[in-house]
Amino acid sequence: MNEDILTRVQSNPKFKELVHKRTRLGWQLSILMLAIYYGFILVLAFAPNVLGASLSGGTTTVGIPVGILIIISAFVLTGIYVRKANTEFDQLNQQIVEDAKQ
Amino acid sequence: MKSWMKTLCATALAGLPTLALAAGAFEGEVTKQATNWSAIIMFFLFVAFTMGITYWASRRTRSASDFYTAGGGITGFQNGLAIAGDYMSAASFLGISAMVFDKGFDGLIYSIGFLVGWPVILFLVAERLRNLGKFTFADVASYRLQQTPVRTFAATGTLVVVALYLIAQMVGAGKLIQLLFGMNYSSAVILVGVLMVLYVTFGGMLATTWVQIIKAVILLGGASFMAFMVLATVGFSPEMMFQKAVAIHAKGISIMSPSKADPIDSISLGLALMFGTAGLPHILMRFFTVSDAKEARKSVFFATGFIGYFYILTFIIGFGAIMLLLNQPTMMETVVKNGKEVTQLIGGSNMAAIHLANAVGGDLFLGFISAVAFATILAVVAGLALSGASAVSHDLYASVIKKGKANEADEIRVSKITTVVLGVVAILLGLLFEKQNIAFMVGLAFSIAASANFPVLFLSMFWKGLTTRGAVVGGFIGLISAVALIVMGPAVWVDVLKNETALFPYKNPAIFSITLAFVFTWLISVLDKSKSAVEEKAKFEAQFVRSMTGIGAAGASKH
């Protein structure tokens, strides 16, 4: 990448916007995923009875739907990110690339 | 019941903690079985079909980019399946369903640990990786650092991880084939080694990826059928399934709740699983097989979906096995372990999914699932071999020895020679480790990936202050501490070396070795006042712009 393009991209306000938006969403979702997972691990370590309690009186315990929901949440969070990144962020990125060529 | 199963009377596939860390290994003595023809025929159909694909791929594999990354022409959906395939090894299929069969709920905990690394890889790493790299993760780590030391480190990290993983897979393959097909151990190991070399040298990444995709599809199909049949027996009521399982299981209602675990070990295991995934070279390499960052993101989305779905299936399969196999006289055997008589599933708990295949689908389906289990190992070792070969040819040969001036034909030739050497080494190690306890190896591979590869890769993309010295010293400290702590821990010091107590109390050292790696990488980088360090920091801005926008990134080759 030559110096010209580099300075042009860096001084483009759209680039700052892209970096800001994408980084923020990436960290927000990462922290959310880590919180869900390590929350689960901490409950396992310190209060396993919570997950072993019966769900509505049957044999099924609270832990079963919780576990399945964590698996689904991983999929949903990736979906949210990909949707946002492949539309809004990529459009912005496309404009930055076009601007840099001129 | 098939006669070959009845003859089973070995200690067989013991020890589930073994499989605690992903694609694990099969432990213990295994007795050769009577030849299972339906499984062998189906397996050879798979081999014949994938050889056809390899031939097709070989005609499309000309340039280095074709060889390492299938020319960047794989779509996000296909790559998602291939990544899921790399993850759905024989051990995670048989091992996690066996864990559910033995312990119930605890199996789900491991599944979750394997899965949650993926979203984080997507949010933080995937697109930067795709925008900066070309063939290997070392391309990214050494982007603005000195090529020779950083690539030497990255190639070392790659080869160590690949070697450990390969040994575990080879030994697992040998034992699995003895059990499933009734072939002998050494011919099974040689067969796996030879097929692996053929796929990679002739078909490169294109063949390796398609073998993985086909395997992923048939494994998902087979597992879906089994889960469907299990649920059908209880009128699609999970509550009914759990009730029946609890009524029959020796541990009773406790299989529905988590068992006690040490908090530090649990958190450390979580870290190793999450960041190890982000440092496994054969997985990282898959991000370069798609055309751009957009497809790279899609591939993680699909991979997370397929892997999550697969783990839900294995959970149902595990409970189905409790419900339909446990205490069925034709499915159980009594063996002597450590002088005591133990009643267990024929062949041990790792056979739960295989027996269940017989129970829900008959002999033919049993053969099918056995063939799929073997195909799974083949597909995984091919990916590993390609990753190891590219570390040698692209990082060591082309960049370190030839200083980036190697011609492409030579580089590919070195890659193919390395693949053959890796095949021979893998076969020899597989034979050498037949009688060894290799339970710790996959855990070690994950810990090294998390403690050596991941910190350097992560900091190279996120931290301007990283210097060559910091990366190399910190990376090697991560590698050495992960190895040392596992050797001193219970998995090796007690289980393999037969000492009374471990020098280091935890099974999973990742929380310590990852911290050490990050701290030393940071410290040495900060203290590095050399002229080259100043230059390296100055190059971060250009790297950052490319990692964000993809300007200048390697695209798909056109043909």
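May I ask you to say which residue of A:67, A:79 is buried (at least 17 other Cβ atoms within 10 Å of the Cβ) and at the interface with chain B (Cβ under 7 Å from one of its Cβ atoms)?
Selected residue: A:67, the only one of A:67, A:79 that is buried (at least 17 other Cβ atoms within 10 Å of the Cβ) and at the interface with chain B (Cβ under 7 Å from one of its Cβ atoms).
How many of the residues in region A:7-18 are surrounded by fewer than 17 Cβ atoms within 10 Å (Cβ to Cβ) and facing chain B (nearest Cβ under 9 Å)?
Within region A:7-18, residues that are surrounded by fewer than 17 Cβ atoms within 10 Å (Cβ to Cβ) and facing chain B (nearest Cβ under 9 Å) number 1.
From the list B:465, B:470, pick out the single residue that is over 25 Å from residue B:110 (Cβ atoms) and part of a helix (DSSP H, G or I).
None of the other options fit; the residue is B:470.
Yes or no: region B:285-293 includes at least one residue that is more than 29 Å from residue B:483 (Cα to Cα) and at the interface with another protein chain (Cβ under 10 Å from one of its Cβ atoms).
Yes; the residues of region B:285-293 include at least one that is more than 29 Å from residue B:483 (Cα to Cα) and at the interface with another protein chain (Cβ under 10 Å from one of its Cβ atoms).
Rundown of residues vs (1) of a type in the set (Val, Ile, Thr); (2) closer than 29 Å to residue B:283 by Cβ; (3) part of a loop (DSSP other than H, G, I, E, B); (4) modelled with pLDDT under 85, yes/no style:
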residue: B:23; (1), (2), (3), (4): no, yes, yes, yes
residue: B:33; (1), (2), (3), (4): no, no, yes, yes
residue: B:56; (1), (2), (3), (4): no, yes, no, no
residue: B:60; (1), (2), (3), (4): no, yes, yes, no
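I'd like the residue in region A:47-64 that is under 27 Å from the mean Cα position of the chain (by Cα) and at the interface with chain B (Cβ under 7 Å from one of its Cβ atoms) and, out of all such residues, is farthest from residue B:118 (Cα to Cα).
In this case the residue turns out to be A:51.
Tell me, which helices (runs of 4 or more DSSP H) wholly within region B:481-559 include 3 or more residues that are more than 16 Å from residue B:458 (Cα to Cα) and either more than 14 Å from chain A (Cβ to nearest Cβ) or hydrophobic (A, V, I, L, M, F, W, C) (or both)?
The qualifying helices (runs of 4 or more DSSP H) are B:510-527, B:531-538.
Restricting attention to region B:228-247, and to residues there that are touching a Phe, Trp or Tyr at 6+ places or on another chain (Cβ under 8 Å) and either of a type outside the set (Gly, Ala, Ser) or surrounded by fewer than 19 Cβ atoms within 10 Å (Cβ to Cβ) (or both), which single residue is farthest from the other protein chains (Cβ to nearest Cβ)?
B:230
From the set of residues in region B:450-502 that are hydroxyl-bearing (Ser, Thr, Tyr) and more than 24 Å from residue B:264 (Cα to Cα), which is surrounded by the fewest Cβ atoms within 10 Å (Cβ to Cβ)?
B:468
Quick one: would you say residue B:525 is under 27 Å from the mean Cα position of the chain (by Cα) and within 22 Å of residue B:279 (Cα to Cα)?
Spelling it out, it is not the case that residue B:525 is under 27 Å from the mean Cα position of the chain (by Cα) and within 22 Å of residue B:279 (Cα to Cα).
Taking only region B:248-284 into account, find how many residues are surrounded by fewer than 17 Cβ atoms within 10 Å (Cβ to Cβ), more than 9 Å from every other protein chain (Cβ to nearest Cβ) and among the small types (Gly, Ala, Ser).
Adding up the residues that qualify gives 2.
The values are calculated or read from the model by the stated rules, or taken from the named source; none is laboratory data. Since the structure is predicted, the reported quantities are computational estimates derived from the model, not experimental observations. As a convention, Cβ positions derive from the backbone with ideal geometry for all residues, glycine included, and neighbour counts pool all protein chains shown.
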